[in-house]
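Here the structure is laid out as structure tokens; the discussion comes afterwards.
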Amino acid sequence: MKRMLEGCRGFFNLTDEEKSMYNGKHVLDPIRCGSGFNASVDELYFWRDHLKVIVHPDFHSPNKPTGFSNVLQEYTKAVRDVVRGLLEGISENLGLESCYINRALDLESSLQILIANLYPPCPQPELAMGLPSHSDHGLLTMLIENGISGLQIQHKGKWVNVNAAPGAFLVNTGDHVEILSNGKYGSVLHRAVVNDKTTRMSISVSNGPSPETIVSPVQELLENGSCPAAYIGMKYKDYLELQQSNKLDGNSCLNRVRI
């Protein structure tokens with residue numbers, strides 16, 4: 001975890017010219033980076049730099065900094081192993097075979113994306129937002145940070161500060177765990193706030209099904225029609241593109257597939 005944080009810090013320390021070659025536009029571009037100083041609703045501004053890299057099923061990595069690619073590949077492979085174990089537990093908790101989710105969603109070809117976020121000190125944090133309220137696409141998001149707080153989750157209608165323990169993952173359940181479980185697991189609504197004193201960095205790894213997989217409620221959970229499906233099925237890559245639209249916020253994308 002420490003090496004991954006150091007590697008991402010090294011990337012953000014590259015010159016603007018070095019980083020400009022990764023100014024992708026499409027959500028499925030292999031490598032994208034940019035600054036989040038964009039106007040948003042309520043006169044807030046997104047105050048962050050970010051790096052997004054698709055690392056599975058095909059592995060991609062920036063060429064710099066030196067050694068970053070090796071650290072990235074080792075780290076994200078370890079995260080996939082952890083996620084696989086967690087999903088086996090979720091499958092069993094749903095009354096399914098432990099391998100059900102891994103098999104049904106074709107996780108051998110899963111789409112895994114690393115997102116590194118850098119939140120520099122903001123002179124007017126009350127007028128800015130690191131990331132707006134949103135839920136994650138995919139199954140599980142594994143997050144680490146540099147010890148500076150800024151993550152908030154919505155609990156009982158209120159925003160609550162959450163800090164990742166040193167050397168541990170903070171795990172967010174994503175929209176597609178909610179969909180496949182037919183609401184038995186809920187997707188976590190969260191946001192990132194900024195401060196005026198210290199730079200915060202977080203690294204999240206989104207773990208989803210294969211891009212071509214249509215995700216819908218598990219048939220075995222619908223109890224022969226007595227518990228109707230609460231969500232329609234949608235191909236994962238189509239859902240991801242929909243959620244990344246600037247027109248969506250909060251869990252509005254999840255609401256699009258609710259029945």
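The values are calculated or read from the model by the stated rules, or taken from the named source; none is laboratory data. Model, not experiment: these values are computed from the prediction. In this analysis, Cβ positions are derived from the backbone assuming ideal geometry, glycine residues included, and neighbour counts consider all displayed protein chains.
None of R80, R84 is in a helix (DSSP H, G or I), in contact (Cβ under 8 Å) with a residue 60 or more places away in the chain and out of contact with any strand residue (DSSP E or B) (no Cβ under 6 Å at 6 or more places or on another chain) except R80.
Does D42 count as assigned to a helix (DSSP H, G or I), surrounded by fewer than 16 Cβ atoms within 10 Å (Cβ to Cβ) and at pLDDT below 95? Considered against the rule, which asks whether it is assigned to a helix (DSSP H, G or I), surrounded by fewer than 16 Cβ atoms within 10 Å (Cβ to Cβ) and at pLDDT below 95, D42 comes out as yes.
Select from segment 13-27 the residues that are assigned to a helix (DSSP H, G or I) and in contact with a Lys or Arg (Cβ under 8 Å, 6 or more places away or on another chain) and list them in ascending order.
Initial filter on segment 13-27 (assigned to a helix (DSSP H, G or I)): 16-20.
If the condition is that a residue be assigned to a helix (DSSP H, G or I) and in contact with a Lys or Arg (Cβ under 8 Å, 6 or more places away or on another chain), then E18 is the only one that fits.
Residues of segment 87-136 that are of a type in the set (G, A, S), touching a residue at least 60 places away in the same chain (Cβ under 8 Å) and in a loop (DSSP other than H, G, I, E, B): G95, S110, G130, S135.
Among the residues of segment 23-30, at least one is of a type in the set (A, V, I, L, M, F, W, C), within 18 Å of D136 (Cα to Cα) and surrounded by fewer than 15 Cβ atoms within 10 Å (Cβ to Cβ).
For the structure I just gave you, tell me whether I214 is under 16 Å from the mean Cα position of the chain (by Cα), within 25 Å of Y236 (Cα to Cα) and β-branched (V, I, T).
Working: under 16 Å from the mean Cα position of the chain (by Cα): no; within 25 Å of Y236 (Cα to Cα): yes; β-branched (V, I, T): yes.
So I214 fails the test.
Does I259 qualify as being at pLDDT 90 or above and under 18 Å from L105 (Cα atoms)? When the stated conditions are applied, I259 does not pass them.
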